[in-house]
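One structure below.
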Amino acid sequence: MSTTFRSCFVPTGFILGYIAYLLLGALVFSAIERPVEETLKSDLSSLKAEFLNLSCVNATALETFLEKVLQANKYGVSVLENATLPTNWDLASALFFANTMVTTVGYGHSTPLSDEGKAFSIVYALIGVPFTMLVLTACVQRLMHPLTYGPISICQRRAGLQPRTASVVHFIVLLFLVVLGFFVVPALVFSTIEETWSFLDSFYFCFISLCTIGLGDFVPAEKPGQRLRALYKISVMVYLFVGLMVMFLVLRTFHKLADVHGWTAFFQLPSYEEEDEDREPIIEQEPDDESPEAEKASVKPLDPSSQVSYNSINR
């Protein structure tokens, strides 16, 4: 396969595969969710009709009231007495909102109400999103050596594994630890704290959050009467930041794995290269101020008698 043909064939194949994957997802979601949606619509229509028959409220007034309620609920304000929090913009809640914005998780449970807040959100995200990516990249780059290069090197030296085998073993172990430490265990914790969440709901929340999808159907610390609500929200913030860092680390490790196995070259993707800033020279080089005569002398072959050999070492 020629290089020119591959350079056109590979991106085209990726695009077609991506479109097919989207169509598959659309068909599956439509088949699963549409019957549930129809059932919910039918239940709501029946409930609305029953309410109108038992009250003196007309349909127009009810529609107006429901529109107001839904509009307020979109901004995180509820009319239910047992679901109303003191405010959605106390320090802990505002800090949680800022964190979900700059990490691009964006649950959407609280949104700016004023035009000033919307304008500030644009400026804040414009600076905060790249800054967050910069912080995550810098942290992950420092973690690559102790958590990726180091373990792979140990597998090669102590277990005698080849580079490809060592990289696969390391990635499997890393992936297992990440799933256990950032999905399974947090899901158990969330399902215990959030009484209405099942383990599947909690695991789903962890996955949606750490993949920065943030659908907003599950948001922690929104239960009325939540104990230590501020501390809980800050703890979730720490979990999100560290979790995103670990997910980035997994992606970088997989990129390194693909590079070792030659997948990046096959698909003509950029190969993984270790940044120069992490390669600290053992001996600092002196400035090159030698004269031309010294440079010529440095390139002359050495006298074999002047070279150090094993026999020249004092015993």
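Given charges of +1 on the Cβ of Lys and Arg and -1 on the Cβ of Asp and Glu, with all other atoms neutral, how large is the dipole of the range 97-255 about its Cα centre, in debye to the nearest 20? Before the final figure, lay out the partial values.
Numbers: 10 positive and 7 negative charges, 155 e Å.
Here the size comes out at about 740 debye.
Just the accessible area for ILE154, please: 1.4 Å probe, Å², rounded to the nearest 10?
About 70 Å², rounded to the nearest 10.
With a 1.4 Å probe and all protein chains in place, put VAL169, VAL36 in order of accessible area, largest first.
Working: VAL169 60, VAL36 90 Å².
The residues order as VAL36, VAL169, largest area first.
Please sort 39-46, 156-163 by packing, taking for each peptide the average over its residues of neighbouring beta carbons within 10 angstrom, highest first. List each step's numbers first, then the result.
Numbers: 39-46: 10.1, 156-163: 11.8.
Most protected by this proxy first, the peptides run 156-163, 39-46.
For CYS155, CYS206, CYS56, give the ranking by accessible area with the largest first, probe 1.4 Å. Show your work: numbers first, answer last.
Numbers: CYS155 35, CYS206 0, CYS56 135 Å².
So the residues, ranked largest to smallest area, are CYS56, CYS155, CYS206.
What fraction, in whole percent, of alpha-carbon pairs in the range 197-260 exceed 20 Å separation? Write out the running numbers ahead of the final one.
Working: 791 of 2016 pairs.
Of the Cα pairs, 39 percent sit more than 20 Å apart.
What does the net charge come to around LEU40 if you take all other residues with beta carbon closer than 13 Å to its beta carbon, with K and R at +1 and D and E at -1? Can you show the working numbers first?
Values: positive: ARG34, LYS41, LYS48; negative: GLU33, GLU37, GLU38, ASP43.
Charge balance in the 13 Å sphere: -1.
Add +1 for every Lys or Arg and -1 for every Asp or Glu among the other residues with Cβ under 15 Å from the Cβ of VAL173, and state the total.
Details: positive: ARG158, LYS256; negative: none.
Net local charge, VAL173 excluded: +2.
The values are calculated or read from the model by the stated rules, or taken from the named source; none is laboratory data. Remember, it's a predicted structure, so these values are computed and weren't measured experimentally. All Cβ positions, glycine included, derive from the backbone under ideal geometry; neighbour counts span all protein chains shown. Each accessible area value is taken on the protein alone, full model and side chains, heavy atoms only, with ligands, DNA and RNA left out. Shrake-Rupley method; radii C 1.70, N 1.55, O 1.52, S 1.80 Å.
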